[in-house]
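**Student:** Sharing a structure, written as structure tokens. Questions coming.
The values are calculated or read from the model by the stated rules, or taken from the named source; none is laboratory data. Note that the coordinates shown come from a computational prediction; the quantities given were computed from them, not determined experimentally. Every residue, glycine among them, receives a Cβ derived from its backbone with ideal geometry; neighbour counts consider all protein chains shown. Protein only, heavy atoms only, side chains kept; ligands, DNA and RNA dropped before computing areas. Shrake-Rupley method; radii C 1.70, N 1.55, O 1.52, S 1.80 Å.
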Amino acid sequence: MARYVKKTIHLKKALLMSKRSLVWFRRDLRLHDHPALAQAGHDGRVLALFTVSPEMRKLEASCWWLEESLRELKSTLHDKGITLLVTDVDPTTCIPKLVEDYSCDQVLWNDSYATDERKVELAVKKSLDTKSISYQALDGDLLFPHHELTKENGDPYSIFTPFYKRSQQETVKRPIAMPEEWQGIRTEALLTIEELELLPDHPWTKKFASHWSPGEKAGIAKFQQFAKSDIEAYKKMRDFPDAQATSEISPYLTWGNLSVRAVYYAAKREKNAEPYLRQLVWREFAKRQLMQHPTLETKALRSEFEKFSWRDSQADFEKWKRGETGYPLVDAGMKQLWETGWMHNRVRMVAASFLTKHLLLPWQWGAEWFKETLVDYDEANNGMGWQWVAGTGIDAAPYFRIFNPTTQLEKFDKHEEYVHHWKANQDLEPIVDHKEARERALKANKAIK
């Protein structure tokens with residue numbers, strides 16, 4: 001009897017391990033803490049797929065990061081015996097075809113929270129339902145499942161502080177252990193990564209390689225170095241752009257080279273890590289705001305700003321983009337963005353405030369420019385960040401909070417090391433007087449009330 005039971009258990013296990021899974025990679029270009037890949041590996045044989053959408057191609061600087069990440073992911077998966085297919089064919093078409101061609105039993109993926117990518121996922125689900133193909137969408141990009149952390153009545157939080165306090169009452173799910181052994185599905189390539197033609201024609205991407213090493217391995221190493229050396233001083237030093245006291249892992253989180261849960265638990269082991277952990281929860285809050293407000297990046301959440309009298313000066317906008325405003329801290333930040341595809345967070349706030357308050361130009365213009373030029377572009381963070389600075393969001397700084405770029409320089413770059421490093425021209429005449437610009441901004445704000 002015992003022998004029969006043991007044989008039955010082995011048979012059931014063998015049947016379970018016989019599944020063939022197609023794993024659809026989204027913004028999760030890694031092997032650690034990857035729920036969809038883990039389940040596929042435990043179930044049996046694995047085939048991996050990444051699809052490029054037209055919306056992704058608009059992320060010009062970020063596409064450089066994507067291409068480099070795909071190269072590493074393909075190599076890492078190959079070492080495990082798994083093939084990564086890449087294509088720009090509509091996933092509603094190519095996924096069912098791959099399932100049929102390679103006799104897959106199921107399609108697995110981790111949810112993405114970008115607006116257009118969520119629409120694509122819904123279309124894929126409908127396509128798979130129509131063909132009676134089994135699928136499962138898992139949670140791999142949040143600290144807490146997206147349906148958790150609501151108010152007692154079930155409504156989502158619109159203010160960060162109570163959301164953060166609520167988050168402290170819950171436990172972040174532990175990173176998932178990955179299989180030690182893998183079985184791949186033999187297949188033929190669709191396109192090469194080069195044939196995807198992800199890189200834009202703009203010259204700025206050629207500079208990025210001297211500042212960044214995209215991918216999972218580099219992301220892990222970068223965060224480990226930060227946790228070991230700088231996380232304890234993060235609260236005190238994070239606002240000083242020349243101190244290099246931030247983790248600089250935002251692009252690794254954007255494309256999922258790093259698991260946010262793995263980062264959370266690694267950080268939690270260090271001393272005085274709470275200020276840094278709070279920023280990870282802020283990222284979580286932004287994603288939930290985007291799910292609640294899909295137009296977060298284009299439409300003011302405060303309806304009164306629909307009547308705001310924004311200026312329409314392309315000349316001033318071009319000077320802001322080129323770092324030629326005559327305010328060294330703003331200009332240094334814009335030059336850092338152009339050279340590296342990234343900007344220090346304190347300087348992002350000052351530069352964004354200058355665009356929306358000093359120049360009275362629409363915050364959507366700035367959001368679109370960041371969308372094109374940031375390697376860490378994230379729709380939720382970008383939209384909520386710009387609305388926070390512009391005062392148009394539901395949990396935003398009040399409009400009358402106008403950063404003085406001169407006093408910000410004196411406070412956070414006293415010896416002007418950051419400004420000198422990025423060669424901001426300090427001889428330029430300011431394109432607008434701070435006092436006059438501030439009064440103009442307050443007058444425009446008063447007019448809509």
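**Student:** Whole angstrom only: what separates the Cα centroid of the stretch 25-45 from the Cα centroid of the stretch 383-449?
**Tutor:** 44
**Student:** Okay, next question. Note down the nm distance, to one decimal, between modelled labels 7 Å out along Cα→Cβ at S18 and at Q224.
**Tutor:** 4.1
**Student:** If you don't mind, another one. What aspartates and glutamates could a cross-link reach from K271, if we take a straight Cα to Cα line under 13 Å and drop same-chain neighbours fewer than 8 places away?
**Tutor:** Partners within reach: D230, E232.
**Student:** For the stretch 73-143, what % of the accessible area comes from carbon and sulfur atoms, probe 1.4 Å?
**Tutor:** 46
**Student:** Quick check: pseudo-label points 7 Å beyond the Cα along Cα→Cβ at K449 and R174, how many nm apart are they?
**Tutor:** So the two model labels end up 5.2 nm from each other.
**Student:** Next question. At a 10 angstrom cut-off on C-beta neighbours, averaged per residue, how do the peptides 393-400, 256-263, 139-146 rank from highest to lowest?
**Tutor:** 256-263, 139-146, 393-400
**Student:** Filter K80/K371; K423/K449; K131/K222; K287/K321 down to the pairs with a C-alpha to C-alpha distance above 32 Å, please.
**Tutor:** K80/K371; K423/K449; K131/K222
**Student:** Here is a follow-up. Report the Cα centroid-to-centroid distance between the stretch 140-181 and the stretch 197-268 in angstrom, as an integer.
**Tutor:** So the separation of the two Cα centres works out to 23 Å.
**Student:** Follow-up. Do any trypsin sites (Lys or Arg not before Pro) in the stretch 292-334 lie in a DSSP loop with no more than 15 other beta carbon atoms within 10 Å, and if so, which?
**Tutor:** Hits after loop and neighbour filter: K299, R311.
**Student:** Give me the 1.4 Å probe accessible area per residue for the chain, excluding ligands and nucleic acids, in Å².
**Tutor:** 48
**Student:** Still on this model: First check a/c for the stretch 1-141, with a ≥ b ≥ c the square roots of the eigenvalues of its C-alpha gyration tensor; if it is under 1.5, answer rounded, and if not, answer prolate when a/b is larger than b/c or oblate otherwise.
**Tutor:** It comes out prolate by the Cα gyration axes.
**Student:** So what's the angle, to the nearest 10 degrees on a 0 to 90 scale, between helix 91-101 and the longest Cα principal axis of the chain?
**Tutor:** Tilt of helix 91-101: around 20 degrees.
**Student:** Could you tell me the extents of the stretch 308-420's C-alpha atoms along the three principal axes, largest first, rounded to whole Å?
**Tutor:** Extents along the principal axes: 36, 29, 28 Å.
**Student:** Please give, to one decimal in nm, the separation of the simple spin-label points placed at E152 and M237, each 7 Å out from Cα toward the Cβ.
**Tutor:** Going by the 7 Å Cα→Cβ label model, 4.4 nm.
**Student:** Moving on to the next point. Taking every DSSP beta bridge with both residues inside the chain, roughly what % is antiparallel (nearest 5)?
**Tutor:** Roughly 5 percent of the beta bridges in the chain run antiparallel, per DSSP.
**Student:** Further question on the same structure: Please report the carbon-and-sulfur percent of the accessible area for the stretch 191-252; probe 1.4 Å, protein heavy atoms only, DNA, RNA and ligands left out.
**Tutor:** 49
**Student:** Let me ask something else. Equivalent ellipsoid semi-axes for the chain, as square roots of 5 times the alpha carbon gyration tensor eigenvalues: give them largest first, rounded to whole Å.
**Tutor:** So the equivalent ellipsoid measures 43, 23, 22 Å along its semi-axes.
**Student:** If you roll a 1.4 Å probe over the stretch 303-448 with all protein chains in place, what percent of the accessible area is carbon or sulfur?
**Tutor:** 48
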